[in-house]
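Worksheet: one structure, shown below.
The values are calculated or read from the model by the stated rules, or taken from the named source; none is laboratory data. Since we're looking at a predicted model, the values are computed, not measured. When we count neighbours, we look across all protein chains shown, and the Cβ atoms used for this are built from the backbone with ideal geometry, even at glycine. For accessibility, only protein heavy atoms count, side chains too; no ligands or nucleic acids. Shrake-Rupley method; radii C 1.70, N 1.55, O 1.52, S 1.80 Å.
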Amino acid sequence: MDLDVVNMFVIAGGTLAIPILAFVASFLLWPSALIRIYYWYWRRTLGMQVRYVHHEDYQFCYSFRGRPGHKPSILMLHGFSAHKDMWLSVVKFLPKNLHLVCVDMPGHEGTTRSSLDDLSIDGQVKRIHQFVECLKLNKKPFHLVGTSMGGQVAGVYAAYYPSDVSSLCLVCPAGLQYSTDNQFVQRLKELQDSAAVEKIPLIPSTPEEMSEMLQLCSYVRFKVPQQILQGLVDVRIPHNNFYRKLFLEIVSEKSRYSLHQNMDKIKVPTQIIWGKQDQVLDVSGADMLAKSIANCQVELLENCGHSVVMERPRKTAKLIIDFLASVHNTDNNKKLD
């Protein structure tokens, strides 16, 4: 073989080896960095742009796609200890002509974290209203979507600021009062009684605890490599003290049942989406909401747990699109009558 050809293969092989080795090194040594790159790449691929907006000295971080149009804008509120990028799996299946806004909840990711901030559900609702006004998102009523803690905030928001919201989607929301506690809630109460706040299942600090949390939140059993589990933990550990403080606030007497206390004040068309195998928040909450909200549609998903957005993103997106279409068409028909 000609020496020049051999040299060409050596150079080509070396060129390919460098990015491959860099990827392997990142995966083994800095999995948390790889996870951040992954979200950055996914946002870029889906056309989501990150921006910041300020209310006085308070900063909100959010991502968006599209512009306000004749269809309602969609504001999406994530759950406890998550961030705006958790919605990317659903955004992937939403039409690009919709105006989407995903905000980091108070104290999460790029939104201000202050020791003086009111982390109660009421406090979070007020902060989200400040964000809405900063973006002038309520210039025209918008569709509000929230999951878990974000669903609780979304429901209370719709009760407090009815003129802002055209329709509502609650995905396995927190904040309801059940007649009997499920196994997870019983465990939480035992931890509270023993003051063992370091052992809250939703705040993992080891790869093993992260795996247990994923199993708790998902019906689908994801096979997550150890290095990715380590990366997920590494990303969260610096924030765990904040998560503990927030968790104790939202399960306090002031906040625990705030959605339950306000659900009869929700007057906009509402969609409830819940995983039938939810181990965190019992699916019977869907029936409670349906009985208290006049215009309410319930969708129960088979073989799905608490992490509906991650387990069934395509189905979640379709349900949201179909619900919006039905509400929008109904509104148009009313205008024609």
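Quick look at the values:
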| item | result |
| --- | --- |
| Whichever residue in the range 273-289 is without any contact (Cβ under 8 Å) to a residue 60 or more places away in the chain and open to solvent by 40 Å² or more (accessible area, probe 1.4 Å) and, among such residues, is nearest to Asn182 (Cα to Cα) | Gln277 |
| Scope the range 203-252; condition under 30 Å from Leu116 (Cα atoms), open to solvent by 60 Å² or more (accessible area, probe 1.4 Å) and not in a helix (DSSP H, G or I); matching residues | none |
| Any pair with Cβ under 7 angstrom, 6 or more apart, that starts in the range 35-59 at a residue that is closer than 19 Å to Phe131 by Cβ and ends at one that is open to solvent by 50 Å² or more (accessible area, probe 1.4 Å) and of a type in the set (Phe, Trp, Tyr) | Gln59/Tyr52 |
| Test: Asp122 is at pLDDT below 95 and within 28 Å of Arg244 (Cβ to Cβ) | no |
| Odd one out for Tyr178, checked against (1) over 23 Å from Gly275 (Cα atoms); (2) of a type in the set (Ser, Thr, Tyr); (3) open to solvent by 10 Å² or more (accessible area, probe 1.4 Å) | (1) |
| Residues (loosely packed, with under 14 Cβ neighbours inside 10 Å and basic (Lys, Arg)) located in the range 37-81 | Arg44, Arg51, Arg67 |
| Given (1) at pLDDT 95 or above; (2) surrounded by fewer than 20 Cβ atoms within 10 Å (Cβ to Cβ), index of the condition Thr270 fails | (2) |
| Looking only at the range 165-202, and only at residues there that are of a type in the set (A, V, I, L, M, F, W, C) and assigned to a helix (DSSP H, G or I), the one that is modelled with the lowest pLDDT | Val197 |
| Qualifying residue in the range 272-287 (condition: under 22 Å from Arg314 (Cα atoms) and charged (D, E, K, R)) | yes |
| Per-region count, the range 86-134, residues part of a loop (DSSP other than H, G, I, E, B), touching a residue at least 40 places away in the same chain (Cβ under 8 Å) and over 27 Å from Lys254 (Cβ atoms) | 5 |
| Subset tally (residues that are outside any loop (DSSP other than H, G, I, E, B), open to solvent by 40 Å² or more (accessible area, probe 1.4 Å) and of a type outside the set (Val, Ile, Thr)) for the range 293-312 | 4 |
